[in-house]
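The values are calculated or read from the model by the stated rules, or taken from the named source; none is laboratory data. Please read all numbers here as calculations on a predicted model, not as lab measurements. Positions of Cβ are generated from backbone atoms using ideal geometry, with glycine treated the same way; all protein chains shown enter the neighbour counts. These accessible areas exclude ligands, DNA and RNA; they are computed on the full protein's heavy atoms, side chains included. Shrake-Rupley method; radii C 1.70, N 1.55, O 1.52, S 1.80 Å.
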Amino acid sequence: MTAEAAKELDELCFLSAQSLPSLKVSKHFQVLKLLGEGSYGKVMLALHRKRGTPMALKFFPRKSTSLTSFLREYNLSLAYCTHPSLTKALGIFFSTPSYYVFAQQACLYGDLYSVVVSEVSLKPRISGFFCCCLKNPYSQ
């Protein structure tokens, strides 16, 4: 990351820290199911109660995640994950007594891995090409 990009990210984090609301998840979202979890926290599929929009809510435990780390992750996703093949942050972020949370687009149709390694086996040459593209999509 360049010094200019790091400075811009720090400014975004500073500004977003000033407007981090505290929300009750069940009041604003209908949580449908767990999509994944790991050492970072968990991701839940949810529907926005007013709009009906499906989204992935990323929950970061406050006990093990600093506010600075959370805001950097959120702002990186919001400002820099702009490629059409990446899920986008939706501009929704908040805290609960136990978690920092932000919303991203939900991948409702599975991930790329499930397409590449599907029930119909790809020929080794084709699957090698996909793996190469996945490792470095800008190499060609």
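Accessible surface of residue 49 in the full protein assembly, 1.4 angstrom probe, to the nearest 10 Å²?
Result for residue 49: roughly 130 Å² accessible.
Mind listing the long-range amide H neighbours of residue 88? Cut-off is under 5 Å, sequence gap 5 or more, other chains count too, H placed in the peptide plane at 1.01 Å from N.
Here 105 satisfy the definition.
Provide the per-residue ³J(HN,Hα) series for segment 91-106, in order, calculated from phi with Karplus coefficients 6.51, -1.76, 1.60 and θ = phi - 60°, each as a whole number of Hz, with x at glycine and proline positions.
Per-residue couplings from phi come out as x, 10, 8, 6, 10, 10, x, 10, 9, 9, 9, 9, 9, 10, 4, 8 Hz.
Spin-label point model (7 Å from Cα, Cβ direction): what's the residue 6 to residue 107 distance in nm?
Distance between label points: 3.0 nm.
Over segment 1-81, what is the mean sequence separation of C-alpha contacts under 8 Å (at least six apart), divided by residue count, expressed as relative contact order in percent?
25 percent
Quick one: Karplus J couplings for segment 68-76, per residue in order, coefficients 6.51, -1.76, 1.60, θ = phi - 60°, nearest Hz, x for Gly and Pro?
Along segment 68-76, the couplings run 4, 5, 4, 5, 5, 4, 4, 5, 4 Hz.
Got a sec? What order do 44, 1 fall in by accessible area at 1.4 Å, biggest, i.e. largest, first?
The ordering from most to least exposed comes out as 1, 44.
Calculate one ³J(HN,Hα) per residue across segment 37-50 by plugging θ = phi - 60° into the Karplus curve 6.51 cos²θ - 1.76 cosθ + 1.60, and present them in order as whole Hz with x for glycine and proline.
Ordered by residue, 3J(HN,Hα) equals 7, x, 5, 6, x, 8, 10, 10, 7, 9, 10, 5, 4, 6 Hz.
Using 0.36 nm times the number of residues separating residue 66 and residue 33, minus their current alpha carbon distance, what extension gain do you get?
Net length gain for the segment: 9.3 nm.
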